[in-house]
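Where a number appears in this text, it was derived from the coordinates with a stated rule and is not lab data. Predicted model only: the values in this text are computed from it and were never measured. Here the Cβ positions follow ideal geometry from the backbone for every residue, glycine too, while neighbour counts run over all protein chains shown.
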Amino acid sequence: MTMEFADKRQSGSEGGPSWNRRGIIRRYAGIYAALWRNSVAREMSFKANFLMWILVEVLWFALQLAFVSVLYLHTETIGTWTKWQVVLLIGASHLIQQVFQAFFLINCTNLSELVRTGKMDFLLMLPVNSRFVVSLRQVDLGAFVNAAWALMVMAYAARQLQLSPGFLQIAGFAVLCVAGVFIHYSLMFLLSIISFWTVRAQGIVYGYYNLFQIARMPDEAFSGAFRIAFTFAVPMLLVSNVPVRILVGKIENPWMPLLTLAMSVGCLIASEWGWRVSLKQYTSASS
């Protein structure tokens, strides 16, 4: 496999920069397809576990929706958010969380084990970008099923609100959801690379996972230093609130979508810097 990759790199350089870029894209697409096949085989080997975790996530999602129903028995709005707007918000937050979980969560949480057991040495020797293989080597297929449930809840809430978003609103929502996924990934990846110094960092990583619950609440429920911290330092209030505001037409400040996109880019840059610093500090398990 290494010789094949080397041959592709050599032939790509002979064909010019454009051909080389296409060759690199095809190469990484092929690698990722192989990782998907491996994930499917692994999940199908443990079907009971696969179905159980889908059931657990569905029950947890239903519990959150039930909590909102109880909450709105005692109030008509939270700030300016009505019941079905909050249901739409919870659905969007669950969608973003499940997409993040599908691609990145298990890989971030397993990073400390790679360092502790020395398996990181093997991954660093592969002729691929190390962050690519560390971040994407496993896929949680059950999360796609849970994301579909979130979409259905969102569609039902939108119907109750009699929403008919246009193409630009839907496109803006989709782009901001992707930005939210990358914010989650970048921040959790930054926490995961602490394992290069502490060896075990699962507790810190899962602690961040619990912060997802903040993203499910309307931003107007918070104020003062708390709202500032979870908007600019740890942007949980941007991740799902801003995309849903696009759908329901609640964007009061045009800078909010731009801030969300800027935060996603900034978080990605920060996580890449942290990854490079961590690799310089890494001591091989065999040394």
Item checked: Burial order of peptide ranges 137-147, 111-121 (average beta-carbon count within 10 Å, highest first) -> 137-147, 111-121
Checklist line | Dipole moment magnitude, nearest 20 debye, the stretch 18-281 about Cα centre, only Lys, Arg, Asp, Glu C-beta charged | finding: 840
Note to self: Which one, Ser223, Pro257, Met188, projects farthest toward the positive side of the charge dipole computed for the chain from Cβ point charges (K/R +1, D/E -1)?
What the structure shows: Met188
Item checked: Options Ala174, Ala270, Gln97, ranked by Cα towards positive dipole end of the chain, top entry (Cβ charges) -> Ala270
Check: What number comes out for the charge environment of Gln169, summing +1 per Lys or Arg and -1 per Asp or Glu over other residues with Cβ under 13 Å away?
Finding: +2
Note to self: Just want the answer: with Cβ charges of +1 for Lys and Arg and -1 for Asp and Glu, which residue in Ser164, Asn107, Phe212 is farthest toward the dipole's positive end in the chain?
What the structure shows: Asn107
Next item on the list: Provide the FRET efficiency to the nearest 0.05 for the Trp60-Ala155 pair, computing r from the beta carbons and using R0 = 25 Å.
Entry: 0.80
Next item on the list: Rounded to the nearest 10 degrees, what's the angle between the helix 17-45 long axis and the longest principal axis of the chain, both from Cα atoms, 0 to 90?
Entry: 70
Margin query: Per 0.36 nm of contour for each residue apart, how much would the distance between Ile269 and Leu71 grow if the chain were fully extended, relative to their Cα-Cα spacing?
Written below: 67.4 nm
Notebook entry, point to check: What ranking, highest mean first, results for peptides 172-180, 275-283 when packing means the other Cβ atoms within 10 Å averaged over each residue?
Noted result: 172-180, 275-283
Check: If we count every other residue with Cβ under 15 angstrom of Ile78's Cβ, Lys/Arg +1 and Asp/Glu -1, where does the sum land?
Finding: +2
Checklist line | Extension reserve of the Ala262-Phe132 stretch, reckoned as 0.36 nm per residue once the Cα distance is removed | finding: 44.6 nm
Notebook entry, point to check: Full extension from Ala233 to Ile25: what is 0.36 nm times the residue separation minus their Cα-Cα distance, to one decimal in nm?
Noted result: 71.5 nm
Check: For the chain, what number of Lys pairs, 8 or more residues apart or on separate chains, have alpha-carbon atoms under 27 Å from each other?
Finding: 4
Note to self: Neighbour counts of other C-beta atoms within 10 Å: give me Leu237, Leu126 arranged from fewest to most.
What the structure shows: Leu126, Leu237
Check: Around Ser130, with a cut-off of 12 angstrom between Cβ atoms, what is the net charge of the other residues, counting Lys and Arg +1 and Asp and Glu -1?
Finding: +1
